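The values are calculated or read from the model by the stated rules, or taken from the named source; none is laboratory data. Just so we're clear, the structure is a prediction, and the values are computed from it rather than from any experiment. Every residue, glycine among them, receives a Cβ derived from its backbone with ideal geometry; neighbour counts consider all protein chains shown. Accessible surface is based on the protein model in full, side chains and every heavy atom, while ligands, DNA and RNA are left aside. Shrake-Rupley method; radii C 1.70, N 1.55, O 1.52, S 1.80 Å.
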Amino acid sequence: MSSFEETSGLSFEVFPPKTAVSNQKIYQTLHDLQDLRPNFISVTSSNRTLNFENSTLKLADYVQNTLGIPGVVHLTARYFDKSQIDQVLIELKKLEIKNILVLRGDLAPGCPPKKDFNHASDLMTYIKSQDSSFRLFGACYPESHPESPDKVSDIHHLKAKVAAGCDCLITQMFFSNDTFYQFQENCALADIDVPLLAGIMPIVNRAQALHVLKQSECHLPAKFTLMLDRYQNDPEALRAAGLAYAINQITDLVTNQIAGVHLYTMNQPAVARYIYQATKSLFTATCSPY
C-alpha cells in the first residue's frame, strides 16, 4: 500500500528507539497502533543520519510493507547531501514508500551539517526534480517559526515551501485551538491551499510537560497551565487531565472540519488507543481510513 487520503482522519508519529530494549518494544508499539487503523504513521529521523537506513527506513518499511499502513519517512535537509538523497530515493522506490516529511533539521552538537540543502524547501525542490511522484509533507508553526521575525515573514516562507513541492502540511504541537484557527485563516489568505493537519501532543506526565516547555515556544493557555499546577503532585490526575485536554482539542478541531489530526504518540500506544477510543466516532462520521 503506497497511498492514502491524507486530508482526513487520525495519523501517528513514532520515533526510532535508542536502546536495544526499546528497539524490541517498538514493533509491539507499531502492532498496537495498527489496530487503530491510522491514515498513516510517520517515522522520525535523527539529525545523526549514520543509522538512517537501520532506524527510520527500517521502521517505515515495517509500517508500510508488513503492517499495510502508509508509511512516511522524515528527512532532515541539513544532514543529507545530494548523493545520499539519491540513494534514499532509490531505497524508498524499492520499498514502495511514496511519502516523505521534509524538515530542515535542528543543529546537532558535534554533527556538522551538509551544504547541499540549507532549507526544507531546497530539499523539496530537489526531490521533486528527481521524481515528482513522491508525496512531500512539510512542517509548519501555528505560532510562527521561532526564527521568523514576524508572522508575515513566516507565512511568506511557508508559501515558498508549498511552491517548492510540499503537498501537505503538519503543524507543530499547539495547545490553543484559537491559535490554530488564526493560522489556518492566515494560510487561506495567502492562498496556501494544501491540506493542513493539526499536530496534537497529549501531555500525560510532569517530566514530559517540563520537556515540552523547555524545547518549544508554544503559547500555553491559562487553563493548560492551571492543569499543570493543580495536578503537579498527582501523576494519575495529571495523566487523566492531560488526556482529557487533548481529547477536547481534537473534538473541537474535528467539529470544525479541519483536514486531519496528527498525534505525537511519544511511542506510547496506550495513550494513542485511549484517544482513539474517545474520538473514533468523530472520524468515522467524516472519513474512512486508507
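Key figures
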item: Residue (of ILE247, CYS218, LEU228) at the positive-pole extreme of region 213-286, dipole from beta-carbon charges; result: ILE247
item: Positive dipole terminus of the chain, leading residue within ASN51, VAL102, ALA270 (C-beta point charges); result: ASN51
item: Gyration tensor over alpha-carbon atoms, the chain, equivalent ellipsoid semi-axes in Å; result: 28, 23, 20
item: Unit charges on C-beta of K, R, D, E only; dipole of region 21-136, Debye; result: 160 debye
item: Entries in LYS25/LYS115; LYS58/LYS214; LYS93/LYS128; LYS18/LYS114 that, when Cα-Cα distance is taken, lie over 25 Å; result: LYS25/LYS115; LYS58/LYS214
item: Dipole axis of the chain (+1 Lys, Arg; -1 Asp, Glu on Cβ), positive-most option in GLN87, THR76, ALA163; result: GLN87
item: Cα radius of gyration and Dmax for region 37-101 (Å); result: 11.2, 35
item: Under 5 Å, built H, 5+ apart or other chain: amide partners of ILE170; result: GLY138, ALA139, CYS140, LEU197
item: Size of charge dipole - the chain - debye, nearest 20, with Cβ of Lys, Arg +1 and Asp, Glu -1, no other charges; result: 600 debye
item: Portion, in percent, of the accessible area of the chain that falls on carbon or sulfur, probe 1.4 Å; result: 50 percent
item: Student exercise, region 166-246 dipole from Lys, Arg, Asp, Glu Cβ charges, in Debye to nearest 20; result: 480 debye
item: Average accessible surface area per residue within region 192-290, 1.4 Å rolling probe, Å²; result: 52 Å²
item: Rule-of-thumb Rg ratio for region 48-207 [Cα; 2.2 N^0.38 Å; N residues]; result: 1.07
item: Gaussian network model of the chain, springs between alpha carbon atoms under 10 Å - residue of HIS219, HIS74, HIS145 with greatest fluctuation; result: HIS219
item: Distance between region 154-190 and region 74-114 - C-alpha centres, whole angstrom; result: 22 Å
